[in-house]
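The values are calculated or read from the model by the stated rules, or taken from the named source; none is laboratory data. From a predicted model like this one, the values you see are computed outputs, not experimental measurements. Here the Cβ positions follow ideal geometry from the backbone for every residue, glycine too, while neighbour counts run over all protein chains shown. Keep in mind that these areas ignore ligands, DNA and RNA; they rest on the heavy atoms of the full protein, side chains included. Shrake-Rupley method; radii C 1.70, N 1.55, O 1.52, S 1.80 Å.
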Amino acid sequence: MRISARADYAVRAALQLAASQGDGPVKAEAIADAQDIPHKFLEGILNDMRRGGLVLSQRGGNGGYRLAKPAESITIADVIRVVDGPLVSVRGVRPPDLSYTGPAQSLLPLWIALRANVRAILDGVTLADVAASDLPSGVSALADPPGAWTNP
């Protein structure tokens, strides 16, 4: 599974907004500078997040962006889905819509299991969790073994 630059930037921007909740709107330039995200690319991402109901925008001198709901109620999966679509697809097709034959038949339940696990992790972690460095214990346990940090 690959996390696109667009998804990574969107999550980082959302985390910047989560950390700024209560401080009023944050300008796109400030988010871009704080997270080292190309400003023009970020504008498109923020527009997608606005259309997806995750952020609100305000025009004017005191304008900018803010989360549309509390960080505790926005999951990492919510952000990724808004900017990139489904979390797991195979050739652009969702696993339940695939079919395989012969020795490849077992691929379908494998892809479904992968999708279920990705969803369990990303739907189970909120912006507030990450912003507070308080990942759920199950997620932390998966990242703890030294082998989790190395490529085979």
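Tell me the relative contact order for the chain as a rounded percent, counting alpha carbon contacts under 8 Å between residues six or more apart.
RCO, the chain: 24 percent.
Summing +1 for each Lys or Arg and -1 for each Asp or Glu, what net charge is found among the other residues whose Cβ lies under 12 Å from the Cβ of S89?
Once all neighbours under 12 Å are counted, the net charge is +3.
So for the chain, taking the charge dipole from beta-carbon charges (+1 Lys/Arg, -1 Asp/Glu), which of G138, V118, V90 sits furthest toward the positive end?
The Cα lying farthest towards the positive end belongs to V90.
Rounded to whole Å, give me the distance from the Cα center of the stretch 1-44 to that of the stretch 72-127.
After rounding, the separation between the Cα centres reads 24 Å.
Over the stretch 44-106, give the accessible area per residue in Å² for a 1.4 Å probe, as an integer.
Here the residues of the stretch 44-106 average 56 Å² of exposed surface.
Among 131-139, 4-12, how do they line up by average Cβ neighbours within 10 Å per residue, starting with the highest?
4-12, 131-139
Taking 7 Å along the Cα-to-C-beta vector as the label spot, tell me the S99-L135 distance in nanometres, rounded to one decimal.
Label at S99, label at L135, 4.0 nm between them.
Given charges of +1 on the Cβ of Lys and Arg and -1 on the Cβ of Asp and Glu, with all other atoms neutral, how large is the dipole of the chain about its Cα centre, in debye to the nearest 20? Spell out each step's value before the answer.
Values: 15 positive and 15 negative charges, 112 e Å.
Value, rounded to 20: 540 debye.
Would you mind getting me the FRET efficiency between A120 and A143? Use the beta-carbon distance for r and R0 = 22 Å, nearest 0.05.
0.90
Can you give me the long-range amide H partners of D123? Hydrogens built in the peptide plane at 1.01 Å from N, cutoff under 5 Å, separation of 5 or more residues or another chain.
So D123 has HN proximity to A77.
Please give the contour-minus-distance gain from S73 to I3: 0.36 nm per residue of separation, less the Cα-Cα distance, rounded to one decimal in nm.
The span from S73 to I3 would gain 23.0 nm if fully extended.
With θ set to phi - 60° and the Karplus curve 6.51 cos²θ - 1.76 cosθ + 1.60, what are the ³J(HN,Hα) couplings of the stretch 64-73 in order, to the nearest whole Hz, using x for Gly and Pro?
Once rounded to whole Hz, the list reads x, 10, 8, 5, 7, 8, x, 4, 5, 10.
Within 10 Å, count the other beta carbons around each residue, average over each peptide in 111-121, 96-106, 39-49, and list them highest first.
Going by the mean number of other Cβ atoms within 10 Å, highest first, we get 39-49, 111-121, 96-106.
Mind checking the dipole of the stretch 1-68: about its Cα centre, +1 per Lys or Arg Cβ, -1 per Asp or Glu Cβ, Debye to the nearest 20? Present the calculation step by step, with values, prior to reporting the outcome.
Values: 9 positive and 7 negative charges, 51 e Å.
Rounded to the nearest 20 debye, it is 240 debye.
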